[in-house]
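K.L.:
One structure is given below, represented as structure tokens, and several questions about it will come after.
Taken together, the values in this text are just the output of simple stated rules run on the coordinates, not laboratory data. Small disclaimer: the values here were computed from a predicted structure and weren't measured. FYI the Cβ positions are ideal-geometry reconstructions off the backbone, even for glycines, and counts take in every protein chain you see.
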Amino acid sequence: MTRHRARDLANALGVDGRNVRNVLHTASLKMMLKQRISTTVSGPLHDQVFVTVVRTTVPSGVFVAPPAESNGLDGGAVEMVNTGAAFGKRESETLALIDLCEQLTKNGIRPQDPPDVRKMMAEREKETLKARKNRAQLVLEMVGATKPSLQTSQSGKFFVTDVSLLVDGGKKLVGSGKAVSKAASEAEAIINVAAGPLAEALGQERVDELHRVIDASPGNHVSVMSVPPLPDRGIDILVQAMGSPEEHDSRMDDVLTTQAAFEAKFAARQESKWRQSASKESGPSKAEQILKAARESRASDRVASKNEEYAAEEAERLRRAIEDETSPQADMKRIRDALPIKAIREELVEALRTQQVVVVSGGTGSGKSTQCPQYILEDAIATGNGPTTRIVVTQPRRIAAISVAERVAAERDEPVGSSVGFAVRLHGTSPRDAASIEFVTTGVLLRRLMRDQNLDGISHVMIDEVHERDINTDFLLVLLRELITTRPDLRVVLMSATLDAESFSEYFTGSGTHDLEQGVPLMSVPTKPRHPVEIFHLEDMLDGGGELEVEDESLLNEDNESVSSREIPNHLKKLAKDLLAAQDRSLRRELEEAEAEEIAAQQLERLSSAEDEQVEVEVSEDEEEDDEDQEEEEDDAVDSELEDLEVELDGANSARGMSPRRMRASSRVRKLRRALAMRKARTGESSMRKGAGDTRVRQNESKEVSELTMQLLVEVAKHIASIETDAGRKGSILCFLPGWDEIKTAMEILQDTTDAELYGKMNVIPLHSTIPQEEQQKVFVPAPDGVVKVIFATNIAESSVTINDVLAVVDSGLVREMSWNPESGMSCMETVTTSRASATQRTGRAGRVAPGSCYRIYSHGTLHAMEERPTPEIQRTALEATCLQTCSMTNTGIERFLSKAMDPPSLESVEYAMDRLLKLGAIKSNETTGGEDLTPMGRLLSILPLDPGTGRMLIMGAVLRCLDPVLTAAACFSSRDPFYVPPGMRDEARQIRQSFCATSDLLATVRAYGTFQDILYEQGWDSARRWASDNFVSINALNTITSVRSQLLHELNRIGLVQDTDLDSRSHNKKTLRFDASVNLNASNESLFTAVWAAGLPGNIASRRPFGNFGTLRTRTEEHAGLHPSSVAFHRKPPRDRTPLPVWFLYKEMMLSSQVFLRDVTAMRPEQLMLLGGHALQKRDFTGADGDESPEFEGALLDASGNPIAEDDDPRRVGPRLMLDDWIVIHSSCADTADLLTDVRREIDAALALKVMNPRKPLPDASEDIIHAVSRLFRVIDERDERRQTFLRRRREGDFDRGDRGGGFRGANRR
């Protein structure tokens, strides 16, 4: 370091000769630096130069990476060497210190604000001690240790803790620990007692084995599941059904042989499929080329004559349109010529002669869906290529494929089935073999690609509405991007709205065999100006004015009076006001849930911390009341105070040392409180205050936001219909709703609340993909004079279907879409707010033929809070089904294939899906290709339109003959929770839900569904409706569950898992099971069908921590988790009557907020998990390298009578352990129980394998006997547990004879 260099760095570093020593002195204290300074002199006396060398030792862990110019020392420390040269000694030292400051700055440390290494080292030591203590606790848990008894005393500046506990059935261990803090001394005591004393009691080899078990687990922690001995009668039932061990082994060998033969045939078919595909990709052989040329030569004459026939048809069609200007053909020609798409006709057909891929961008009503295929076909016929042209156009929905096909056929003056056809699932009309256009759904084309990966005979593939980005479309784009490299003659046209059209062009740039590196052509269609449209939001309905949207000033005065002068009636204003109030109540509910989560998170975090420090924590039920008092105080603050509070809290977070999870949760609560307070300040309504009104809110006073949205939407539709019919206009009122249930409700409300005269002027039409085709086509039929069509539609009417006579749009702002949480691994269909792009699309449906209006049933704030555009479905849905489909399309690897998507899913999502499929037995790795292949189970699951886990659960329910409740559970997985929570009544709603079941959220829902259906069948609709209202149950949600059940039952019947004789022949619209169906023989056995639920969630198991404070659980990947406070199984503290709580749980969702919460839990018995839980139950050997040799002991252990203990019962002996999913260690005091349950699990798996290979074939008699025995076993276990509960209850009540001990398990090995 020189003087000039130091001067240049003075401003940058903020240090100079005046302060560098002080800065480094402070830094040395905080960073624990050790410095050695040495100075040497060189040169003559008149020109001496002082050279100072500063050697600084920096402790380990300070730098992220060691500095480049440093020396490594023992223990991870580094030595930094810095020099300075000057004519004076002090100056040379200063320059060396400035050089040190520069080097520290370069490595991320600011000398003026250095890290506190002392604190870092203390935290590191604390974390290390915590990890060692957790490991010691885990080892003690594995040997059945009792909760430690701790006694701490202080000796000088140290704390000394003595600990004692019992392990392995009664062996007492004692130990002690010494440290400067009480918590550290207790931790040291636990660590010490789990080391030497435990090894002396059990043997060092066994202790080492326990550590190896923990190290091999996925999350470096395990749980021990103690399986109680089965009752004698239960063992007798199983042994009688199982037969001898030899018979069991023979059955297993037969199943393995059958399965191997089946899989070999299946794999051979798959390999043959890939070979044929590879041969086509490599190109035809020379002989095939000669034969192809010969066929083309012979066919050329026929092609020419056929094209002349097609050309004559086109000429005749044109002649009729020109000669008679009043004919329908002439009218259709004028309409076609007036469409904006006509401007790019020549450009489109010219580009397709040289380009493989073309992107067409055009707004709603431009004509791209109907005209582009016709332009291509007409040009092909004109150039002599008609007989070799077959155009396939995909649509995202059935109704779009059918309606567009009929429209195009009408424009060509011919019936559907000539040159135009369509194909949708289970329905279609094929066009002619050549010079044709076929409209299909995306799924139909994907299935064709599965059969014919080259799409032989298809010349053009056109993907319409590609901007919607559903998962099938994204999957198809990947396939087409690969296909055009081997099909140079194939042409692909992507038709999109104006959103993101450039991204599709960029995606295909560089692919194909043509020169696409220069870019894929992008053609924009000029849009036709719409008439003025007046837009109303909720606030505008209250204020009485809207926002006028004008695209063309010339259209402003055309019949605009009816738009601008419309007044909002008072009853609509009242509904709008009620909806705003309902939104406020919804905000209150959301705040309550967030506060409950934060309270539970604070408690769980405090318990976890206290557990780490071995401190007992008292839990108070008054915490929530205290928090509510604080909330009331905050609600009374004004806006300025809220802003100050937010700033203050933001600055306090770091001081408190809150975790990122807690900070996010606290931020959420603050935002909700602030939003609620701001809303209250604006409205000044007393109803905003919590607790207003009656203690029990009536149903009509606690409407959900969605229900009020429905009412307002219907009333707005009636208001518009009245205005339009009075003005003598005819047309359509298009109402957007999220789903079919909402459509049915809206139609019922409209019919019940509209007077007969006005209702007679309305033609009410539903528009949904599930209704019959004939009903869907009614939306296109023009309304007669004096009548308006009221169309209740989903987002299908946004872009897929164009209704030309729309006068007004009523937008609920809601859409139903599939979402997936990779942390929970679950998919669900949710009703969410739509995007701003979709809102614009919906508004664009109005003003096409006349001035119109758009009523948005949401506020301006909600609009601006919406996402800009929808997230691609491939990034928000589970990928298991897509991965299964990928396996059927390619054998090069799932990850590699999906990485080619336009917006690839995250690697974590793909890996999660593949891991789950592997564990489900749906796919297996192919070492030859490096990819994956389908298994027979995967083949069946790929046929079922379900999540693979749910599909496996349904198959297992059919195998074990308890299908009905399993069907209901599967439907609940795909539907929203039928229980709702009115504002301010969270505790009451939870108590009602607990009345159905106090240990399982899913069983509570299943029982509620069954009760509702029984009341509906026996007492009628009115009684069922009152029951649902009293129990806070949504009837719409229950109806959705019924519909999903029917759909799933149809699929099971289609593949043969449910026979036709099991279906109720009286039910025509919805499939239901007969009361005496063979697949329902065990449907009343709750212990059996709840165990079957575990087959659908194999990895979602949790257990209470034996050493943990109350409420802490452990999962496969999480050490600290808790039940969500909304669960029926949630308890804030142990029950006062000391009732034993469940230890094991099955959960549907793991939610990460401020803490890890488990939602929708079901208590499970160890026997249920052993038979049907988890992915794999197997014996694991952790004996180490020399584990085959038995450890030698100095002497045999003796029992209480002085007799030697058998080798198998020796607690010091090490051997294979029975484990579930590599983290649950199975322990049972009865060898018969563990062995028998393991064998029965193998029998159940074998029955499942046989059913998968041949779903329609009945199971062997031996398998049926074992299934019947399993059902009987669970009933015996239920009786045992009921007796145990009675026993405990009598003991608590004092009615207990202590002399009557009862009989015990006989304990003899049956084999």
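K.L.:
Suppose we look only past 18 Å in the calculated P(r) of region 125-252. What percent of the Cα-Cα pairs does that tail hold?
P.N.:
Summing the P(r) tail past 18 Å for region 125-252 gives 63 percent.
K.L.:
For labels at Ile943 and Ala261 in the simple 7 Å Cα→Cβ model, what's the distance in nm?
P.N.:
Placing both labels 7 Å beyond Cα along the Cβ direction yields 2.0 nm.
K.L.:
So how do 726-737, 235-246, 130-141 stack up, highest first, on mean other-Cβ count within 10 Å?
P.N.:
So the order, starting with the most tightly packed, is 726-737, 130-141, 235-246.
K.L.:
While we're here: Rounded to the nearest 0.05, what FRET efficiency do Ser272 and Ser906 have when you use their Cβ-Cβ distance and R0 = 45 Å?
P.N.:
For Ser272 and Ser906, the calculated efficiency is 0.85.
K.L.:
Let's test the formula: R0 of 51 Å, r as the Cβ-Cβ distance of Ser888 and Ala199. What FRET efficiency results, to the nearest 0.05?
P.N.:
In this case the efficiency is close to 0.40.
K.L.:
Pop out the ³J(HN,Hα) list for region 959-965 in order, Karplus 6.51 cos²θ - 1.76 cosθ + 1.60 with θ = phi - 60°, rounded to Hz; leave Gly and Pro as x.
P.N.:
5, 8, 6, 9, 6, 4, x
K.L.:
Something else about it: Work out how far the C-alpha atoms of region 387-501 reach from end to end along every principal axis, then list the three figures in whole Å, largest first.
P.N.:
36, 30, 27
K.L.:
Per residue of region 1012-1027, in order, report the coupling 6.51 cos²θ - 1.76 cosθ + 1.60 (Karplus, θ = phi - 60°) as ³J(HN,Hα) in whole Hz, putting x for Gly and Pro.
P.N.:
For region 1012-1027, the Karplus curve yields 4, 5, 5, 5, 4, 6, 8, 10, x, 5, 4, 5, 5, 5, 5, 4 Hz.
K.L.:
Contour minus end-to-end for Asp1076 and Asp543, with contour as 0.36 nm per residue of separation and end-to-end as the Cα-Cα distance?
P.N.:
Result for the pair: 185.8 nm of gain on full extension.
K.L.:
Next question, about the same structure. Under the √(5λ) rule applied to the eigenvalues of the Cα gyration tensor, what semi-axes describe the equivalent ellipsoid of region 723-795? Give them in Å, descending.
P.N.:
Working through the eigenvalues yields semi-axes of 21, 15, 10 Å.
K.L.:
Now for a different question. Hey, can you rank 398-410, 567-579 by average C-beta count inside 10 Å, highest first?
P.N.:
398-410, 567-579
K.L.:
I would also like to ask the following. Which pairs, out of Lys368/Lys730; Lys34/Lys178; Lys924/Lys1257; Lys730/Lys1070; Lys900/Lys924, put more than 32 Å between their alpha-carbon atoms?
P.N.:
Violating the 32 Å limit, Cα to Cα: Lys730/Lys1070.
K.L.:
Lys778 versus Ala338, label points 7 Å from Cα toward the beta carbon: distance in nm?
P.N.:
It is 2.9 nm.
K.L.:
Next question, about the same structure. Kindly write out, for region 54-63 in residue order, the coupling ³J(HN,Hα) from the Karplus curve 6.51 cos²θ - 1.76 cosθ + 1.60 (θ = phi - 60°), rounded to whole Hz, with x marking Gly and Pro.
P.N.:
10, 9, 10, 9, 10, x, 5, x, 6, 8
K.L.:
Turning to a different aspect of this structure: Roughly speaking, what is the stretch gain from Arg432 to Arg1180, that is 0.36 nm per residue apart minus the C-alpha to C-alpha distance, in nm to one decimal?
P.N.:
263.0 nm
K.L.:
Something else now. I want to check the label-to-label distance for Lys106 and Asn22. Put each point 7 Å from Cα in the C-beta direction and report it in nm to one decimal.
P.N.:
Once both label points are built, they end up 2.8 nm from each other.
K.L.:
Determine by what factor the alpha-carbon radius of gyration of region 180-257 differs from 2.2 N^0.38 Å, reporting the quotient.
P.N.:
Scaled against compact globular proteins, the figure is 1.89.
K.L.:
For Ala85 and Lys126, calculate 0.36 nm times their separation in residues minus their Cα-Cα distance, and state this gained length in nm to one decimal.
P.N.:
10.4 nm
K.L.:
Within region 69-101, list the residues whose amide N lies under 19 Å from a label point set 7 Å along Cα→Cβ of Arg55.
P.N.:
Of the residues in region 69-101, 69-85, 93-94, 96-101 have backbone N under 19 Å from the label point off Arg55.
K.L.:
Still on this structure, please answer the following. Report Rg/Rh for region 1211-1290, rounded to two decimals, where Rg is the Cα radius of gyration and Rh the Kirkwood radius.
P.N.:
1.09
K.L.:
On to the next question. Show me 440-452, 73-85 ranked by packing, highest mean number of other Cβ atoms within 10 Å first.
P.N.:
440-452, 73-85
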